[in-house]
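This report refers to the structure that appears directly beneath it.
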Amino acid sequence: MIKLYDTGAYLIKGEEIVKDDKDAAAALSLKGVSIGKEEALKNTIAYGILKEHNKSGNMDKLRIKFDKLTSHDITFVGIIQTARASGLEKFPIPYVLTNCHNSLCAVGGTINEDDHMFGLSCAKKYGGIYVPPHQAVIHQFAREMLAECGKMILGSDSHTRYGALGTMAVGEGGPELVKQLLSRTYDIDRPEVIAVYLKGKPIPGVGPQDVALAIIGAVFKNGYVKNKVMEFVGPGVSELSADFRIGVDVMTTETTCLSSIWQTDEKVEEFYEIHGRKASYKELKPGEAAYYDGLIEIDLSEIRPMIAMPFHPSNTYTIEEVNSNLEDILHDVEERALVSLDGQVEYSLKDKVVDGKLYVEQGIIAGCAGGGFENICAAADILEGKTIGSDEFTLSVYPASMPVYMEIIKNGCAARILETGAVLKTAFCGPCFGAGDTPANNAFSIRHSTRNFPNREGSKLQNGQISSVALMDARSIAATAANKGFLTAADKQIEANTLKSYKYYFDENIYKNRVFDSKGKADPKVEIKLGPNIKDWPKMCALTDNLILRVVSEIHDPVTTTDELIPSGETSSYRSNPLGLAEFALSRKDPEYVGRAKAMKKIEEAREEGQALEAVKEIADIYSRIKKEYSEINSDNTGVGSTIFAVKPGDGSAREQAASCQKVLGGWANISNEYATKRYRSNLINWGMLPFVIDKGELPFKNLDYIFIPNIRKAVENKDSEIKAYVVGEALKEFTLRLGDLTDDERTIILDGCLINFYQRD
């Protein structure tokens, strides 16, 4: 089904694979290929696009300028506030502000609607585009209105992926968008490119989520594509519709790749023509001989309906496997839950087995992954003439945009879905992050959405509530719904000609009549609307010569998601209030964190106000022990703050708040064995936090220990690869930290204390 190459590979004429081994030269010669590896790697689609957008003149050290930017209403307030504080005058490139996360407008409709009015006023003042709530989810609007072949888009959402439409897109934390708004660049080493070679054709009942989950299951744990570009090539691409490709592409985020790109053809050209943007199409394909740093070979005909069991998209099985081995697989999930949930609540799935079948209480087809036209039409076909019943099982369907909604009304699919007892809702990302359709306690939900992390669906461990999500394709969700909640693979449910072919007609008037588009013209006279919950970032000081840090949380899960660092869902109303939001930091993982971090922040505030550290009773003893060995330290050159340890933090969302909340609570650093994603590490750096790495094994410190790091400012300035640090006990016990590769700008940002300070100084 899926084969991972253990070496690089050449792709000849987009069809033939030559493995980069001892026989490669002879094989290439037989095919008349004389090009060397260094030249062949320039023939990937990704290399060509990156070269076109690179401003450094050095393809090993990229400085990328993006063509367009996009954000949603959980991120755009903080981004624009940061950019305003850094000197923003107008948006230099098209910037789209969508409103698809805070759409519920909590607390009487005031707090979140204030964010929306802020966004509209900023689009007018700085020359942007504003998409009102319920019109489209961020990524569907980008597909319909922004994507162009050969272009690059940066978005402040991790699922910013438009590769299927020929656009290299990257999801990053907000500060990286700030840099683009201030006409700076996105600076990275040239990423490796991994070919995803598709062959064959999916069988009826297999959808894009099935293919995506199969890929994620094969590559997440081994890091095969981590921080790399996935390039989809091969004869199997032409067997997939544009909608199908989009559904696979959006889920590449869950592999931890940096970006994605696909070869394009007449089906993508037709997509642009349908959306009135035919000029945005051009053919993209690898050169005659292209070299890839790795290759994933996939026979689409062998993919079967998949399910990602709790609590990660990589915990994958075929649905047939689950139904055949219920007891064993459910036991395995329960064992994993002991780690993911820290034993805080009782968790069981075995009670979902009814007469030997797995019963689920909820189905959701939603968002940028599930709410596409073809997914919903396929679900309608499978459900035709059926009912979801009147028991616990419910089904909700969220079209990804109003144009999609309009079309399923016109072609009758909406009526067929509603006849079953299911519910159609407006474009909203809530089910993906816990702000809509939260299941009952102990309920099990199957979703065609993006993630199934612990509590991602909205349950709260701190309240003793736990439910869980499995990811599936819309087709198998519909098949399960047709069987009134008993888990069913779509290929087992459908008969010949069940799935019909539907023509999509895009109605651009929906956006013309409602979306504000400045056409790039700024109006400086417009006053920005600042609701009472929209707060400026607090002032942050520069990195001091030395640091005293207290470890205020220690997390030993194999992976820590951004949802565990700063919860989604219930925190949405405070996304524009840095201090208010920070109160939720690590609340699902370590309820003691905020209080401990604040205690260290209070000491630092006293120091910044001129109080001598030896006079602050909470730190006086620790300070005196350090002073015995390092007599030159004083209250002017030694900062005080907090740090956390996590084995592998930062999987999941691009939300900068996972880092900024720690910073506003006095965090100076993270310590980890590795960082799950580049975007989380970038967020730490842009908020002036030190992204320390420590070797795997027994830690030299434990939770609540104090750590002293002498000469840290000089070490950053000197680009030291290793940092000397001490655990402060009765004596100082030395150990080593590393910072990893940092660009010169990243070092300066850390030295200045955060990106805002960096730009204000500049």
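Read the figures in this text as sums done on the coordinates, not as results from a lab. Since the structure is predicted, the reported quantities are computational estimates derived from the model, not experimental observations. Heads up, the Cβs are rebuilt from the backbone with ideal geometry, glycines too, and the neighbour counts pull from every protein chain shown.
So if we plug the beta-carbon distance of Asn441 and Asp342 into 1/(1 + (r/R0)^6) with R0 = 30 Å, what FRET efficiency do we get, rounded to 0.05?
Efficiency for this residue pair is about 0.95.
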Review point. Which value in Å is the Kirkwood Rh of segment 1-113 over different Cα pairs?
Key: 19.1
**Study point:** Proxy reagent accessibility, fewest Cβ within 10 Å first, across Ser449, Ser390
**Key:** Ser390, Ser449
Review point. Using a ≥ b ≥ c from the Cα gyration tensor of segment 546-761 (square roots of the eigenvalues), is it rounded, prolate or oblate, where a/c under 1.5 gives rounded and otherwise the larger of a/b and b/c decides, a/b for prolate?
Key: rounded
Review point. So which aspartates and glutamates can Lys696 reach, going by Cα to Cα under 17 Å and dropping same-chain residues fewer than 8 places off?
Key: Glu554, Asp557, Glu674, Glu722, Glu734
Exercise for review: Using a/c under 1.5 as the rounded threshold, could you call segment 529-632 rounded, prolate or oblate? The axes a ≥ b ≥ c are square roots of the C-alpha gyration tensor eigenvalues, and prolate needs a/b larger than b/c, oblate otherwise.
Suggested key: oblate
Review point. Taking the Cα atoms only, what angle lies between the long axis of helix 617-629 and the longest principal axis of the chain, rounded to 10 degrees?
Key: 70
Practice item. Can you check what the net charge comes to around Gly531, using other residues whose Cβ is under 15 Å from the Cβ of Gly531 (Lys, Arg +1; Asp, Glu -1)? Key: -3
Practice item. Check cross-link reach from Lys601 to the lysines: straight Cα distance under 22 Å, and skip same-chain residues fewer than eight apart. Key: Lys535, Lys539, Lys589, Lys617, Lys627, Lys663, Lys702
Exercise for review: Only Lys, Arg, Asp and Glu count, each charged at its Cβ (+1, +1, -1, -1), so figure out the dipole size of segment 307-510 about its Cα centre, rounded to 20 debye.
Suggested key: 500
Check your understanding: Once you treat every alpha carbon in segment 624-742 as an equal point and sum by Debye, what is log10 I(q)/I(0) at q = 0.13, 0.18 Å⁻¹?
Key -> -0.52, -1.00
Exercise for review: Write out the trypsin sites (Lys or Arg not before Pro) in segment 115-224 meeting two conditions: DSSP loop, and at most 15 other Cβ atoms within 10 Å of their Cβ.
Suggested key: Lys221
Practice item. Grab the Cα-Cα distance for Glu583 and Ala26, subtract it from 0.36 nm times how many residues apart they are, and report the gain in nm with one decimal. Key: 194.3 nm
Revision key, fill the gap. For Trp537, Trp687, ascending order of other Cβ atoms within 10 Å (fewest first) is Trp537, Trp687
Exercise for review: Please order Met152, Met145, Met306 by the number of other Cβ within 10 Å, starting at the fewest.
Suggested key: Met152, Met145, Met306
Practice item. Take the Cβ-Cβ distance between Asn634 and Gln760 as r, set R0 to 41 Å, and report the resulting FRET efficiency rounded to the nearest 0.05. Key: 0.95
Check your understanding: Calculated FRET efficiency, Lys598 and Lys525, Cβ-Cβ r, R0 41 Å, to nearest 0.05?
Key -> 0.50
Point to revise | Neighbour cut-off at most 16 other Cβ (10 Å), DSSP loop, GluC sites (Glu not before Pro), segment 614-662 | key: Glu632
Exercise for review: Quickly work out the Ala615-to-Thr7 label distance, labels modelled 7 Å from Cα along the C-beta direction, and quote it in nm with one decimal.
Suggested key: 7.0
Check your understanding: Based on the alpha-carbon gyration tensor of segment 64-187 and its eigenvalue square roots a ≥ b ≥ c, which shape applies: rounded if a/c is under 1.5, prolate if not and a/b is larger than b/c, or oblate?
Key -> oblate
**Study point:** Within segment 546-761: Cβ-based charge dipole about Cα centre, in debye rounded to nearest 20 (Lys, Arg +1; Asp, Glu -1)
**Key:** 120
Study note, to complete from the structure: Taking every DSSP bridge whose two residues both lie in the chain, the antiparallel percent to the nearest 5 is 40
Revision key, fill the gap. Summing -39500 (n - 2.57) over every DSSP H run of at least 4 in the chain, dividing by its residue total and rounding to the nearest 500, the 222 nm mean residue ellipticity is -8500 deg cm²/dmol
Review point. For all pairs of alpha-carbon atoms in the chain, what percent lies in each bin of width 20 Å, listed from the first bin to the last filled one?
Key: 17, 50, 29, 3, 0
Practice item. Lys and Arg at +1, Asp and Glu at -1: add these up for the other residues within a Cβ distance under 13 Å of Ser280 and post the number. Key: -1
Review point. Roughly what would the spin-label model give for Lys55 and Lys512, points 7 Å off Cα along C-beta, in nm?
Key: 3.5
Point to revise | Part-to-part distance (alpha-carbon centres) for segment 481-498 and segment 408-426, which is given in Å | key: 18
Check your understanding: What is the sum of charges around Lys13, taking Lys and Arg as +1, Asp and Glu as -1, for the other residues whose C-beta is under 11 Å from the C-beta of Lys13?
Key -> -1
Point to revise | Gained length - Lys221 relative to Glu722, 0.36 nm times residue gap less alpha-carbon distance | key: 177.6 nm
